[in-house]
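Presented below is the structure to which this report refers.
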Amino acid sequence: MSDAPEPRKPRVFTLDDPALVAEPEPVDPPPASAATAPDADLPVVRPTLSDLAERGMRWGSILLSALFGAAVLGAATWFYRLVSVALEREDWVGWTMSGLLVVAAFAFLMIVLREIVGFTRLSRLNRLRKDVAEATETQDAAREKRAALRIAALYAGRPETAWNLRRFREYARDVHDPGELLTLADREIVARLDTTARQLVTRSAKRVATVTTLSPLVLIAVGYVLVENLRLLRMLATVYGGRPGWLGVLRLARLVAGHMIATGGLALTDDLLGQFLGQDILRRLSRRLGEGAFNGALTARVGVAAIELIRPLPFLASRRPRARDILADALKPIFKGKDAEPAARP
């Protein structure tokens, strides 16, 4: 190690020595509150035309917004004048307008009530799923029995499940182990609904694949795929006891999309199609037929994700539906003829 430097010896100097250089004194930084607090004495900087020119004014957006606002205002004014003039008349025109307004108000009220009831049904299914999950996790016999009775009461008034409910009530008397009652409900009640739900998904995937293949315009195909998937979600919710309105369907579609993104369902659709058809057949397909097969696979994936979300019970005893099996049933009629054609040749 090097030796420590010797301390500087004291020196004598005068204050007017030109060789003397004074070091600046350190300035303490301001406190955090003073540094972050705005100064009230500073002038407020107002934007100028030069600032607007630097930022850029979107004249196209302003034009479209102004035209849209003028169109809405004109339509509202026209409708107000039409209704006012019609109601002021004392002949059949005024009475007809009054009756139409009453019918429109009643229809709007019924739509609102339907949406409220639809959201209530979806919330009931969600609460039932939470109760079933808690009963399965805690192995509480009393909570499990209440959840099973709620499932039986949910499907009590449906004729397609009457026979299954009788079997469930008959076999439930002999169940004593925790967890077995919900397994029995899954096998005897909900499994019957799974068959119907799978048939609905298969038909929707088949229709989507066929319409996309035969559609002359891409916009028509995209619109049909969107409408068919929303319609499928509403039918699946109806099967399991939800039956939401259109606003509830949109909320359910958002949940299904989030579930598919979280589980990688969108990314696996292409792999699913490749596994089912094979790479050699995919290269021989036409572009339109390949798009139809892909949209059918996507619809099958959406249906399976919706079943997992809407179903009041987890898959305890019944078999979980697979998008691969549904896609095979949906695309079998399309590719059956293509597979049989080479075999028929000599």
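The values are calculated or read from the model by the stated rules, or taken from the named source; none is laboratory data. None of the values given here were measured: they were computed from a predicted structure. Positions of Cβ are generated from backbone atoms using ideal geometry, with glycine treated the same way; all protein chains shown enter the neighbour counts.
Tabulated data
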| item | result |
| --- | --- |
| Matching entry among SER204, SER215, SER123 (being within 27 Å of ARG243 (Cβ to Cβ) and either crowded, with 18+ Cβ neighbours inside 10 Å or touching a Cys at 6+ places or on another chain (Cβ under 7 Å) (or both)) | SER204 |
| Residue in the stretch 152-161 that is over 24 Å from ARG121 (Cβ atoms) and not hydrophobic (A, V, I, L, M, F, W, C) present | no |
| Residue among GLU134, GLU115 that is acidic (Asp, Glu), surrounded by 10 or more Cβ atoms within 10 Å (Cβ to Cβ), over 21 Å from LEU193 (Cα atoms) and free of Cβ contacts under 8 Å to residues at least 12 places away in the same chain | GLU134 |
| Failed item in (1) at pLDDT below 80; (2) assigned to a helix (DSSP H, G or I), with PRO216 passing the rest | (2) |
| Residues within the stretch 83-111 that are surrounded by fewer than 12 Cβ atoms within 10 Å (Cβ to Cβ) and among the β-branched types (Val, Ile, Thr), tallied | 2 |
| In the stretch 166-181, residue nearest to ARG192 (Cα to Cα) [restricted to those that are in a helix (DSSP H, G or I) and in contact with a Leu (Cβ under 8 Å, 6 or more places away or on another chain)] | PHE168 |
| Candidate set from the stretch 74-121 (those that are modelled with pLDDT of 90 or more and among the aromatic types (Phe, Trp, Tyr)); member that is nearest to VAL249 (Cα to Cα) | PHE108 |
| Wholly within the stretch 229-346, helices (runs of 4 or more DSSP H) carrying at least 3 residues that are in the same structural domain as SER215 (by TED's automatic domain parsing) and modelled with pLDDT of 70 or more | 246-263, 287-310, 323-344 |
| Test for ALA135: is it over 26 Å from LEU247 (Cβ atoms) and not acidic (Asp, Glu) | yes |
